[in-house]
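Data first, discussion second: the structure below is written as structure tokens.
The values are calculated or read from the model by the stated rules, or taken from the named source; none is laboratory data. Please read all numbers here as calculations on a predicted model, not as lab measurements. Cβ atoms come from the backbone with ideal geometry, glycine included; neighbour counts cover every protein chain shown. Side chains included, ligands, DNA and RNA excluded: accessible areas come from the protein's heavy atoms. Shrake-Rupley method; radii C 1.70, N 1.55, O 1.52, S 1.80 Å.
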Amino acid sequence: MTRITAWRRHPLARYAVLILALALVGMVYTAFIQASRPADAALASGKVDDVAKGRSLFEAHCASCHGLNAQGTSTGPTLIGVGAAAVDFQVSTGRMPAANPGAQAPRKPVAKWVTDEKIRQLGAYVQSLGGGPQVPGKEQVDPAKGDAGRGGELFRANCIQCHNWAGAGGALTLGKYAPNLNDASPTQIYEAMITGPQAMPVFNDTTITPEEKRSMIAYITQVREQRDPGGFGLGRIGPVTEGLVGWIAGISALALAAIWITAKKRQKS
């Protein structure tokens, strides 16, 4: 009893207890993560075997930039915790694998080796590394089940500053830009909102609910089909192109008028 009391009074006793407690918490957390990873991977891909196949694809096409364990390098960020949705968005839009690292990866045709199955396998592997947002289901992104009017309000409040009212995109700082949304599928739009690619912020479900995301998708896809009854759309970029065309047309009209007036005066003289 005396020895126990003396140990409790020892100045290092509290630190020893703290270290032991942290070690126990770490062991429990590690065991929990390892147990949950197969379930996450299976949920993301539908097949546990996809994780192994996805790792092989990752090592062949992605590890040179993102590291052998997806830990990230000087030329590519870490993929731990980004989830299958980020993989599906980046690879299905052709942004990854990136040919030339720059300020922003542009949308381009997908690589020849890319198929829906291989995208799913890559996503399953990345999902197994640390969880993250998963690929949304068809019902989550169905524009027919969204409210385009409500979606327009949300889009104008959160997205119009960068993407323009019609989703035509626009320039940002440091060589970055908000891409045109006309080529994006409903799934890709949803994935962009939950993963925040490039310069885009993340809109999680507490900021914009899944139902609101679906309504925003309904608005974006509806705007694509709208015609321009007032004349030429001019790319729907907004007042910049409209002002430029007006200025060029106006200056040209004034120059032609000046030439015509000068020619008339010369004829009379």
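For the condition small (Gly, Ala, Ser) and free of Cβ contacts under 8 Å to residues at least 24 places away in the same chain, what is the one hit in 184, 166, 171, 124? It would help to see each step written out before you state the result.
Numbers: 184 fails: free of Cβ contacts under 8 Å to residues at least 24 places away in the same chain; 166 fails: free of Cβ contacts under 8 Å to residues at least 24 places away in the same chain; 124 fails: free of Cβ contacts under 8 Å to residues at least 24 places away in the same chain.
Of 184, 166, 171, 124, the one residue that is small (Gly, Ala, Ser) and free of Cβ contacts under 8 Å to residues at least 24 places away in the same chain is 171.
Okay, residues lined up against (1) open to solvent by 70 Å² or more (accessible area, probe 1.4 Å); (2) at pLDDT below 95:
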| site | (1), (2) |
| --- | --- |
| 110 | no, yes |
| 119 | no, no |
| 131 | no, yes |
| 139 | yes, yes |
| 148 | no, yes |
| 152 | no, yes |
| 156 | yes, yes |
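Of the residues 144, 35, which single one is exposed (fewer than 14 other Cβ atoms within 10 Å of the Cβ), aliphatic (A, V, I, L, M) and modelled with pLDDT of 90 or more?
Result: 144 is the single residue among 144, 35 that is exposed (fewer than 14 other Cβ atoms within 10 Å of the Cβ), aliphatic (A, V, I, L, M) and modelled with pLDDT of 90 or more.
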Index of the failed condition, residue 60 passing every other in (1) modelled with pLDDT of 95 or more; (2) hydrophobic (A, V, I, L, M, F, W, C); (3) out of contact with any Gly (no Cβ under 8 Å at 6 or more places or on another chain):
(1)
Among (1) touching an Asp or Glu at 6+ places or on another chain (Cβ under 8 Å); (2) modelled with pLDDT of 90 or more; (3) open to solvent by less than 30 Å² (accessible area, probe 1.4 Å), residue 88 falls short only on (3)
Selection within region 124-146 - over 19 Å from residue 210 (Cβ atoms) and out of contact with any Ser or Thr (no Cβ under 8 Å at 6 or more places or on another chain)
125, 126, 128, 129, 130
Residue 104 being in a loop (DSSP other than H, G, I, E, B), under 16 Å from the mean Cα position of the chain (by Cα) and surrounded by fewer than 20 Cβ atoms within 10 Å (Cβ to Cβ)
yes
